[in-house]
Each structure stands twice: as structure tokens, then as C-alpha cells.
Amino acid sequence: MDAADLVYRLSALNAEYARCIDDDRLEAWPGFFRERCLYKITTADNHRLGYEAGVVYADSRAMLEDRVTALRLANVYERQRYRHIVGTPTVLAHDDDGLLRAESPFLVTRIMRDGRMDVFATGRYLDRVGEETDGALRLAERVVVCDSPRFDTLLAIPL
């Protein structure tokens, strides 16, 4: 696969990922990940320092599914939605295990029920991506590195 095709496929993956969240189809969100995966939201400072813990941490698709179930049935938070803008991915490396490493910048605006809009998060996705037997790309790892060290207590919906 040539470099332009790979960037196109990664861009398409990111676009569908963002659309899924922005359209409140959260039950489909775990499907962007492999069964064994890592999803973590952290800060740029914590990432730079190598801290493993994240504001959100899941190490399997089942944990992501549990998070969606909790959002729908258990968690209480003010109704809101996101609008993602995801930049063009950069392919960083091809790992020996067949996965590729990529980085994509993002900006998320949060829209509250009353119509108020705020820049909610900016940062970069650090991904390890693999191609499945059906040809689809799936995330083996997505580390969401947020530029700001401050998090709103309403970090409920996935970034």
C-alpha cells in the first residue's frame, strides 16, 4: 500500500470515528478497536513524563462497551454533544508486529443542551493501527493526548 493510500485510509478511519461519536452512535464506537486494545485519555505533560494512568483508561473492547453502557444507563451528566475536527494523519512508523503508528491532531467543540459551545479539547491522537482480515483498519491503541492539563468534570463522552 502506498503512502497516499495509507493516509487516505487513516483519514477515513478518523472521519468515521468522529462521526460515530458526534452522531451519538456510541454503541458502535467500540467497533473501531480490536478486541485487545488500549484507549487512554491523558495530558501532554503526563504523556511526556511517561505516566501510564489516564483520565480514562480501557485495555479491551469489552471495557469500552462497559463504558458506553455506563454512559447510557448509570452515569448522570448534563446532556451534550461533540463536534470533532480531525486533521490529516501522519504515519510515524511501521512496527515489527505489523501495526503502524500514526498521529493526528484534533479539536473537539462541546455543544450543551442550551446551545452554548466551547472548545472542549485539543490535542493529538497517537494510534497503533492494524488491518483486519476483512481489510478494515482497527485501532489496537489510541492514546488521546490533550494539550491542556485541565479537564472538565463533564468528560463523559469519548474523545
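Values as computed for the structure displayed
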read-out	value
Listed residues 10, 82, 136: farthest to the positive end of the dipole of the stretch 1-141 (Cβ charges)	82
Carbon/sulfur fraction of accessible area - the chain, other protein chains in place, 1.4 Å, %	49 percent
Computed Kirkwood radius, in angstrom, where 1/r is averaged over Cα pairs of the stretch 11-91	14.2 Å
Where Rh is the Kirkwood radius over Cα pairs, Rg/Rh for the stretch 85-125	1.25
The stretch 109-148: Cα Rg divided by the 2.2 N^0.38 Å rule of thumb	1.72
Cα-based shape type of the stretch 55-144, given that a ≥ b ≥ c are square roots of the gyration tensor eigenvalues and the cut on a/c is 1.5	oblate
Residue-normalised accessible area of the stretch 50-144, given per residue in Å² at a 1.4 Å probe	57 Å²
The chain, relative contact order [Cα under 8 Å, separation at least 6], %	25 percent
Fluctuation leader among 36, 79, 138 - the chain, Gaussian network, Cα springs under 10 angstrom	79
Amide H partners (placed H, <5 Å) of residue 121, local residues excluded	108
In degrees, nearest ten, helix 61-73 long axis to first principal axis of the chain (Cα)	20 degrees
Dimensionless Rg/Rh of the stretch 1-52 - Kirkwood Rh, Rg from C-alpha atoms	1.07
Rg/Rh (Cα only; Kirkwood hydrodynamic radius) as it applies to the chain	0.95
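The values are calculated or read from the model by the stated rules, or taken from the named source; none is laboratory data. Source: prediction; values computed, not measured. Here Cβ is always computed from backbone atoms with ideal geometry, including for glycine, and neighbour counts include all displayed protein chains. We work out accessible area using only protein heavy atoms, side chains counted, and drop any ligands, DNA or RNA first. Shrake-Rupley method; radii C 1.70, N 1.55, O 1.52, S 1.80 Å.
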